[in-house]
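Notes follow once the structure below has been shown.
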Protein chains: 2
Amino acid sequence: MPPSSGRPIGPTAVDVGGVRAVNLARVLAAALAAPTPPTRAALATATGTTRATASRLVDDLVAGGLLEESAPDAGLPRGPGRPGTHLSPGRGVAALGLQVDVDRVAAVVTDLTGAVRASHVTEGDFRGSRPEGVLGLLADVAGRAIAEVDATVVGARLALPGIVDGRGVLLRAPNLGWSDVAVAAVMPPVDGLPAPVVGNEADLGAVTVSYPAPGRPGEHADFVYLSGAAGIGGSVVLDGAPLRGRHGWAGELGHVTVDPDGPDCACGSTGCLEQYAGMRALAVAAGLEPTARTSDIARAARDGEPAAAAAVERAAEALGIALSAVVNVVDVPVIVLAGHLREIGDLVRPTLLETLTRRVLSARWAPPVVEVAPQRPLAAAVGAAYAELHALVADPGRRLGRRRTATPAG
Amino acid sequence: MPPSSGRPIGPTAVDVGGVRAVNLARVLAAALAAPTPPTRAALATATGTTRATASRLVDDLVAGGLLEESAPDAGLPRGPGRPGTHLSPGRGVAALGLQVDVDRVAAVVTDLTGAVRASHVTEGDFRGSRPEGVLGLLADVAGRAIAEVDATVVGARLALPGIVDGRGVLLRAPNLGWSDVAVAAVMPPVDGLPAPVVGNEADLGAVTVSYPAPGRPGEHADFVYLSGAAGIGGSVVLDGAPLRGRHGWAGELGHVTVDPDGPDCACGSTGCLEQYAGMRALAVAAGLEPTARTSDIARAARDGEPAAAAAVERAAEALGIALSAVVNVVDVPVIVLAGHLREIGDLVRPTLLETLTRRVLSARWAPPVVEVAPQRPLAAAVGAAYAELHALVADPGRRLGRRRTATPAG
């Protein structure tokens, strides 16, 4: 998923078009990864190519809407030759990110700047729902989001709260009550796009932490991401990419057993983490309606309401037990709390840290870190769009055309 | 760790010696991976090179003791040209594998056939021991093992029951009571060898399952390996290599919490898996001396002795809870029970499988598999020696000398 960067490869007699494609990808990756908009000269240096070659590649990327050029900065000293314009991520191409939760369907369109250009949500109660109806609603909001954006939408990706296989089939989403759903066969087409690539919502939400904007690495490359809504999803990120495991189903933290004698879970097991720290479980434990918002529970706990405070403490202990297992097994001691867990992040942190410190064998050498994810509405849908844009960044030549030119590396 | 194989790379003007080193490695890897001893012709085919080139490389490997040539098999049809002798792993080079447990130190010398050419063990009670004394005993048994073997020992590797860093320091081994031990500074030198490379005992024991002999892949490339002695170690193997995590400390399954209200563990936590399924915990729960052997507990349980049967069942449940967390988080549904857990493997399997099936979200699509590791005394030491031999297999040119020749790929 992370776009590759590095030195452009040199010309070969075999496939000049292929070389151009690789070099386009490297220049684009370098431009997106730069902390501030670089000049053509800086991109040439960063990718180890000549200024002339870099400049030609930049011209193509600008023409394709993948980069944008800003006016020369009059305040900075300029070298000889062409004025030092700066290059920013382009707004000419975008991707559609989709998500289905138990209480809403959502569509966002984001571009390479990371900006959400359009966002539509339809709420509902989708527990025990029929996939046909819900994916129909999703296609509607997707169509509305796309209609608002003046950019070429290059692809779509869908975040689902369950385990998916490599062929676009949702195998199981306990909270929706869905099993074996072939998304492409069920979901109506959206605006002529191919059926969305299907992924796990936590893996895709984690993309927004690995990459706060498409192609721009964030602070952490190794972390455990906990998303939360009705259930709790997880993603173990190593070197910026989600750990996949044997079949791509790694990261199901919500179903780690916290107490084998604990309450029944929709998955068929008992005492799963989400029966303590899921949104609904928290609400019930706090003595509120099952649909109560976590922000209300957090407020009540801060106000000293005993049932709410006890529910939050119980969630903190359960998170500590499940996450200490994760850190002992995968050795990734940075925890990022997202979704509804953001709302109680500061409340659970002391107990969670204390539990991790006591239960993780290596805690003395790598003290656990617990962070709250940045505020990011519809993180899974936004991450899905970023992931789709990363596929474009890895091969921009696909979009610009693999034109063969007479110049070796342009 | 797995030796690479594939097509030899062609000659370049840049570094003929480097090309030769790579091609030596590929021919050796192909010979070791072959299910039956291949001919020179078969190795040429397997590595996509000419018979003349393959034959030259084989000559060098035979001369260096890395391969051995057997007489032509008169029973098989022969092609034209040189007789079809068969090539087997060589016995001319070997590696020293070492292990420290709470009740013994051990040294083995194995060669490329996988055979243990020498094995020495000294028993003791090393709980709360001084590293200097124990590593001194280890150097003694190592020296005795090496003295027995007529082969060049190319390196040494040491398996320790704890977490180690990348610089040869044991950070923590709870059952030994050791912390922050710089092995090279404490252990006396053995027979002029450099200080051993230091690794985790479960990661190294798992090598014998990934590779039943050096360079020969086993049945499973993705599995969770549980070693067991006083404590329980673990290794998550993906694509034949142990999952390392952020610092190389992944796989600490023995300290996954099974019951937060459970018994105290030497690590400072409570209710860790090894307090239910460790050798000592099993013995105590069965009403026997703490040092009772697991085979005796297994016999008593099979004979219907209630305390022994209950202890084994409690271990099975604890293994099920901890391993379902592992499979949910890393998606590797094949479990291999080694160490003392081999002795109770058939007794724990039903409850363990039932628990995994109920608690692993993806169990319906990837039914969990529980296997007992092959009988393999001193598996960690043997795996350590194999790992050291794998380092040799990855670069046999280092041993044979990077001689530059006039022929491009020989």
Given the rule -39500 (n - 2.57) for each run of at least 4 DSSP H residues, summed and divided by the residues of chain A, what is its mean residue ellipticity at 222 nm, to the nearest 500 deg cm²/dmol?
-> -11500 deg cm²/dmol
What are the ³J(HN,Hα) values, in whole Hz, obtained from phi via the Karplus relation 6.51 cos²θ - 1.76 cosθ + 1.60 with θ = phi - 60°, for each residue of segment B:150-159 in sequence order, with x given for Gly and Pro?
-> 9, 7, 7, 8, 8, x, 9, 9, 10, 9
Net +/- balance of residues flanking B:Phe126 in space, Cβ distance below 14 Å, scoring K and R +1, D and E -1 = -2
Dipole of segment B:220-372, positive end: most advanced residue of B:Gly233, B:Cys267, B:Ala221 [Cβ charges, Cα centre] | B:Ala221
Using the C-alpha gyration tensor of segment A:167-246, what are the square roots of 5 times its eigenvalues, in whole angstrom, with the largest one first?
-> 25, 17, 11
Value in Å of the Kirkwood radius, where the protein assembly as shown supplies the Cα pairs that are averaged = 29.3 Å
Shielding of A:250-263 by partner chains, average beta-carbon count, 10 Å | 5
Cα-derived Rg to Rh of segment B:283-409, Kirkwood definition | 1.22
Hydrodynamic radius of segment B:220-372 per Kirkwood, over alpha carbon pairs, in Å = 15.3 Å
Over segment B:108-243, equivalent-ellipsoid semi-axes from the Cα gyration tensor in Å = 23, 21, 13
Average beta carbon contacts from partner chains per residue of A:315-325, 10 Å cutoff = 3
Cα→Cβ-extended label distance, 7 Å offset, between B:Ala52 and B:Asp239, nm | 3.7 nm
Scale the Cα Rg of chain A by the rule-of-thumb value 2.2 N^0.38 Å and send over the ratio, two decimals.
-> 1.07
The long-range amide H neighbours of A:Gly155, using H built 1.01 Å from N in the peptide plane and a cut-off of under 5 Å, are A:Leu96
Which angle between 0 and 90 degrees, to the nearest 10, do you get for helix A:51-63 versus the longest principal axis of chain A when only C-alpha atoms count?
-> 60 degrees
Quantify how strongly other chains surround peptide A:265-274 by giving the mean number of their Cβ atoms within 10 Å of each of its Cβ atoms.
-> 3
Determine how large the accessible area of B:Trp365 is when every protein chain is in place; take a 1.4 Å probe and give Å² rounded to the nearest 10.
-> 60 Å²
Given the options B:Leu137, B:Leu361, B:Leu392, state which has the largest fluctuation in a GNM of chain B using a 10 Å cut-off (strictly under) for Cα springs.
-> B:Leu361
The helix B:379-394 Cα axis meets the longest alpha-carbon principal axis of chain B at an angle in degrees, between 0 and 90 and rounded to 10, of 30 degrees
Integer Hz, Karplus 6.51/-1.76/1.60 couplings in order for segment B:276-291, x for Gly and Pro = 10, 10, x, 4, 5, 4, 4, 5, 5, 5, 7, x, 10, 4, x, 8
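The values are calculated or read from the model by the stated rules, or taken from the named source; none is laboratory data. Given the structure is predicted, the values throughout are model-derived calculations rather than measurements. Quick reminder, even Gly has a Cβ in these numbers, built from the backbone with ideal geometry, and neighbours come from all protein chains shown. Calculation scope for accessible area: heavy atoms of the full protein, side chains included, ligands and nucleic acids excluded. Shrake-Rupley method; radii C 1.70, N 1.55, O 1.52, S 1.80 Å.
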